[in-house]
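The values are calculated or read from the model by the stated rules, or taken from the named source; none is laboratory data. Since the model is a prediction, treat every value here as computed from it, not as a measurement. Quick reminder, even Gly has a Cβ in these numbers, built from the backbone with ideal geometry, and neighbours come from all protein chains shown. To get the accessible areas, we keep the full protein, side chains included, count just its heavy atoms, and leave off ligands, DNA and RNA. Shrake-Rupley method; radii C 1.70, N 1.55, O 1.52, S 1.80 Å.
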Amino acid sequence: IHPAVWAFVISAGAALVIALAVLPFRPSVAKFSAANLRYFGVVAFVSYALPNFLVFAAIPKMGSGYVAILFTLSPLFTLAISSLAGLKRPLRLEIAGLIVAFAGALLVAASRGEVGRAVDVVWVLLGLAIPLSLACGNVYRTVDWPQGADPFWLAIGSHGVAALMLGTLALTTAGLEG
């Protein structure tokens, strides 16, 4: 199954479940402002479509243990980007938590026998785009959260747009996977 299909299922499912749970009871949250539409597009690509596609593409090439290790780098990258942008100064407790999370991911990878397994450098670099993309999404949401926007509506819209992106990718590249 194409990685875009797996990632599509996640975003389409999230958008559908949240929409069905929220919109019948709070239809007034649905607002299509320019700020919301911009947010949907950026978050859809950076926080959902790109990293989820890369996860499902990387697991068969790298193994789930390595991908788990990459996920532990997301908070570290978020902290680095937000610190460099002057948005946040790291606390010692945060740094300690990041170290514990990274150690846990290493333990998972070691228990699966994946530590020491040869991995193509191209996949390592593509894999590093997962936590980098997630970190950029985390910082973006902090900087450009639309004023007065409902978080459920933002989740529905951004997952919906991600599903459109991923569905389009899956349909246009069907049969190209080797």
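Against the condition touching a residue at least 12 places away in the same chain (Cβ under 8 Å), assigned to a helix (DSSP H, G or I), open to solvent by less than 20 Å² (accessible area, probe 1.4 Å) and within 28 Å of GLY148 (Cα to Cα), how does ALA49 come out, does it pass?
So ALA49 passes the test.
In the set ARG38, ARG89, which member is of a type in the set (D, E, K, R) and either in a helix (DSSP H, G or I) or surrounded by 18 or more Cβ atoms within 10 Å (Cβ to Cβ) (or both)?
Within the list ARG38, ARG89, the selection yields ARG38.
What number goes with the only condition from (1) assigned to a loop (DSSP other than H, G, I, E, B); (2) open to solvent by 80 Å² or more (accessible area, probe 1.4 Å); (3) modelled with pLDDT under 90; (4) more than 20 Å from LEU134 (Cβ to Cβ) that LEU107 does not pass?
Failed condition: (1).
With the checklist (1) assigned to a helix (DSSP H, G or I); (2) at pLDDT below 80; (3) open to solvent by 80 Å² or more (accessible area, probe 1.4 Å) in hand, flag the one item ALA118 doesn't pass.
(1)
Working carefully through the options ALA4, ALA58, ALA14, find the one that is part of a helix (DSSP H, G or I), touching a residue at least 40 places away in the same chain (Cβ under 8 Å) and either under 23 Å from PRO146 (Cβ atoms) or in contact with a strand residue (DSSP E or B) (Cβ under 9 Å, 6 or more places away or on another chain) (or both).
ALA14
Tell me which residues, restricted to segment 124-140, are at pLDDT below 95 and surrounded by fewer than 17 Cβ atoms within 10 Å (Cβ to Cβ).
Of everything in segment 124-140, those that are at pLDDT below 95 and surrounded by fewer than 17 Cβ atoms within 10 Å (Cβ to Cβ) turn out to be VAL124, LEU125, LEU126, LEU128.
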